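Throughout, read-outs are computed from the coordinates displayed, never taken from laboratory work. Quantities reported herein were computed from a predicted structural model and do not represent experimental measurements. A quick note on method: Cβ atoms are made from the backbone with ideal geometry, for glycine too, and the neighbour counts reach across all protein chains shown.
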Amino acid sequence: MSTITTKEEQHLHRLILFSDAVFAIAITLLAIEIHPPEHWTGVADLFAQMQTKLMAYAVSFGVIGIYWISHRRTFSRLRKADGTLDILNLLMLGLLALLPLTTELLWEAGAASAVVVYVGLVASIGVAHAVAWAYAAFPGQLTEPMGAAEKIYVLLRVALLPGLMCGLTFLSIMTRTPWGWLGIAVIVAGLTTVNRLMSRGASPLIPQTAED
């Protein structure tokens, strides 16, 4: 193994380790910011008073978890990293680190405008992640060999999926209807089907084309 290859692998490895640390800190801060009420008369009263905080915590925990899984999957497709990817990844992580703040805004404000800000941030993280992937997959040429259609599929998935699922979650919570949950179930089922077809190399949507 050449020295250049070793340095490239170390660069990517350290980038992933740093990213994992930011994800871990962000998800930990969610719990740290939750404080019990000063006065409560029983378990039922305690959970009644903390319902909004716990619900916001659960949503943010899910959001960060989804982004961590997405980040792990996209970066597992890379064979090296460079300085531009470092900067784009830092931009995404910087937005992600704001999630504890906007989560607190949800339970403090409890208004539709707070939900808009929160969902907007979640969508922005997805866009930043997609920009990093787009650079790595196309001009940066940092990925393992894969077809252009598959690269575009991954791009659309990381850009749109988290924000869409977050928006559908709040739709069900705020309207007290199952339509948002049903939408998420349909999306997950569709993505599962496409991913299975891709793994078999038989997806009509993601043809296994060779790179030029």
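List of remarks:
- For THR52 and ARG72, the difference between the fully extended length at 0.36 nm per residue and the C-alpha to C-alpha distance is 4.2 nm.
- Rounded to the nearest 10 degrees, the angle from helix 99-109 to the longest Cα principal axis of the chain is 30 degrees.
- Exposed-loop-free span, longest in the chain, where GluC sites (Glu not before Pro) count as exposed if DSSP calls them loop and at most 11 other C-beta atoms lie within 10 Å: 39-210
- When shorter helices are ignored and each DSSP H run of at least 4 residues is given -39500 (n - 2.57), the per-residue value for the chain at 222 nm works out to -27000 deg cm²/dmol.
- Computed lengthening from LEU98 to ASP82, 0.36 nm per intervening residue step minus Cα-Cα distance: 3.3 nm
- On the basis of the beta-carbon distance and an R0 of 30 Å, ARG196 and ARG14 show a calculated FRET efficiency of 0.35.
- Among (i) 66, 39, 27; (ii) 61, 53, 31; (iii) 58, 38, 30, the entry that matches Cα extents along the principal axes in Å as calculated here: (i)
- Take each peptide in 49-58, 87-96, count the other Cβ atoms within 10 Å of every residue, and average; sorted highest first, the result is 87-96, 49-58.
- Summing Cβ point charges (Lys, Arg +1; Asp, Glu -1) relative to the Cα centre of the chain gives a dipole of roughly 560 debye.
- Among PHE75, MET198, GLY94 - extreme Cα towards positive end, dipole of the chain, charges at beta-carbon: MET198
- For ALA26, neighbours were defined as the other residues whose beta-carbon sits under 12 Å from its Cβ, and their charges (Lys and Arg +1, Asp and Glu -1) total -2.
- For a straight C-alpha distance cut-off of 19 angstrom, the lysines reachable from LYS7 (same-chain residues fewer than eight places away being disregarded) are LYS80.
- Per-residue extension of 0.36 nm, minus the Cα-Cα distance of ALA189 and LEU156, leaves a gain of 10.2 nm for this segment.
- Backbone amide hydrogens, once placed in the peptide plane, bring THR143 within less than 5 Å of ARG79, excluding anything fewer than 5 places away on its chain.
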